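Contents: one structure, followed by commentary.
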């Protein structure tokens, strides 16, 4: 059985193949689960305005800010759910929330 | 060693000998002394268990779940409203297949508030996914606490196990209990080898997963497989334990003078002791009566019980809790073994709610009542009409 959905396209296992208690050996799995499609509004990051205070990175509940050498480099739209915390916390207005449909890339 | 002790002490003794890694417990009548005895063992340095004195039963079971997932051997105890508060997390424990052992000092549920014995609390957890065993005596409570540890941790089972003992009737009364040497118990339960310990940082695992409609069903079916494996494991454990202790534990229930019995009582817990005395009296008068005392309630051994009852003419199934809006849960369990085929006449008796005494005369009344009975009748024993 194969399912293509909003998150994963994987072979679904029979109940007999599942680890006891539904544990997932190997640890964290959120990276595999692409939650970006849940978003109604997307945060648009303005590199010009950004002062790299990292408040967005710190507060993001989905760990969706890319960081390189202490600087914000972009947003992980595969996982960002569009909660808007980053836009609310940004002290310099460098993040704008724009509707997913109707422009705003 | 033979000693006189209460049911509390018998359970606490078994726990001391098992010496689990963690005990998380909150006191509630009629369970409190189990927690008190164990706290004494911990604080006197007799056991190395980490005792977590939590602020509620919800926290108690939550701490048990965390500790068990971490890889610890865990025991708790509660009663009545305490179990009601635990139930949310008990379902989590069963769903995560965590082998937590619990002594449940059976007590009624509010309202009206009442601290005495019935089986409402056990019935509340009936569909939780926990295995449930009923003890007739302090001795059985002791023995089943030890066997429960092996059953819970059996690799094919891995489920919480509740050992039920009647509040006050068993918890607070003194009986002769034969205990095993400490080493014998330690050897019997062995070392616990958890398959996915959360604290094993070299082998990370995700516990407590979220399951969408594409996997929830499969995980629940897999959980049922744990229940399906329990009967065989139960019998094996009984066999090994019987060889160790010399007491005959054999089967999912005790059949007392059942072979040629025409009228039979099916019951769980301490009332079985009273019923045995009545069976003896009536047998002396030449009446063919017998008793089937259920040890293993969940998973329910319906085929084996049906086989044992097939020769009877009339059976009274006694429930010490009301399943509001229907016949008693044990009654329906027993009758389900005869679905689609002829069997004895089955009457349901609700009895002993809120600690209502169950004297021998009442049990004799049940046997008498079976002479004129129709299947599906619901009767209330010892109730003022």
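Just a yes or no: is a residue in segment B:77-96 at pLDDT 95 or above, assigned to a loop (DSSP other than H, G, I, E, B), under 22 Å from residue B:224 (Cα atoms) and in the same structural domain as residue B:197 (by TED's automatic domain parsing)? Yes, because at least one residue in segment B:77-96 is at pLDDT 95 or above, assigned to a loop (DSSP other than H, G, I, E, B), under 22 Å from residue B:224 (Cα atoms) and in the same structural domain as residue B:197 (by TED's automatic domain parsing).
Out of B:232, B:254, one residue alone is surrounded by fewer than 13 Cβ atoms within 10 Å (Cβ to Cβ) and outside any loop (DSSP other than H, G, I, E, B). It is B:232.
Just a yes or no: is a residue in segment B:184-195 within 18 Å of residue A:17 (Cβ to Cβ), within 11 Å of chain A (Cβ to nearest Cβ), modelled with pLDDT under 95 and touching a strand residue (DSSP E or B) at 6+ places or on another chain (Cβ under 7 Å)? There is no residue in segment B:184-195 that is within 18 Å of residue A:17 (Cβ to Cβ), within 11 Å of chain A (Cβ to nearest Cβ), modelled with pLDDT under 95 and touching a strand residue (DSSP E or B) at 6+ places or on another chain (Cβ under 7 Å). Among the residues making up segment A:20-36, a single one is assigned to a loop (DSSP other than H, G, I, E, B), within 7 Å of chain B (Cβ to nearest Cβ) and buried (at least 16 other Cβ atoms within 10 Å of the Cβ): A:23. Could you grab me the full set of residues in segment B:27-59 that are in contact with a strand residue (DSSP E or B) (Cβ under 7 Å, 6 or more places away or on another chain) and within 18 Å of residue B:90 (Cα to Cα)? Hits for segment B:27-59 are B:28, B:31, B:52, B:54, B:57. Residue A:88 passes every criterion in (1) surrounded by fewer than 17 Cβ atoms within 10 Å (Cβ to Cβ); (2) closer than 20 Å to residue B:209 by Cα; (3) away from chain B (no Cβ under 14 Å) apart from (2). For residue B:191, the conditions (1) in contact with a helix residue (DSSP H, G or I) (Cβ under 8 Å, 6 or more places away or on another chain); (2) assigned to a loop (DSSP other than H, G, I, E, B); (3) within 24 Å of residue B:241 (Cα to Cα) are fulfilled apart from (1).
If you check B:103, B:63 for being under 26 Å from residue B:204 (Cβ atoms) and either in a loop (DSSP other than H, G, I, E, B) or in contact with a strand residue (DSSP E or B) (Cβ under 6 Å, 6 or more places away or on another chain) (or both), only one passes: B:63. Give me the residue from segment B:197-222 that is assigned to a loop (DSSP other than H, G, I, E, B) and touching a residue at least 60 places away in the same chain (Cβ under 8 Å) and, out of that set, farthest from the other protein chains (Cβ to nearest Cβ). Result: B:199.
The values are calculated or read from the model by the stated rules, or taken from the named source; none is laboratory data. In this text the structure is predicted, and so the values were computed from the model without any measurement. All Cβ positions, even for glycine, are placed from backbone atoms using ideal geometry, and neighbour counts span all protein chains on display.
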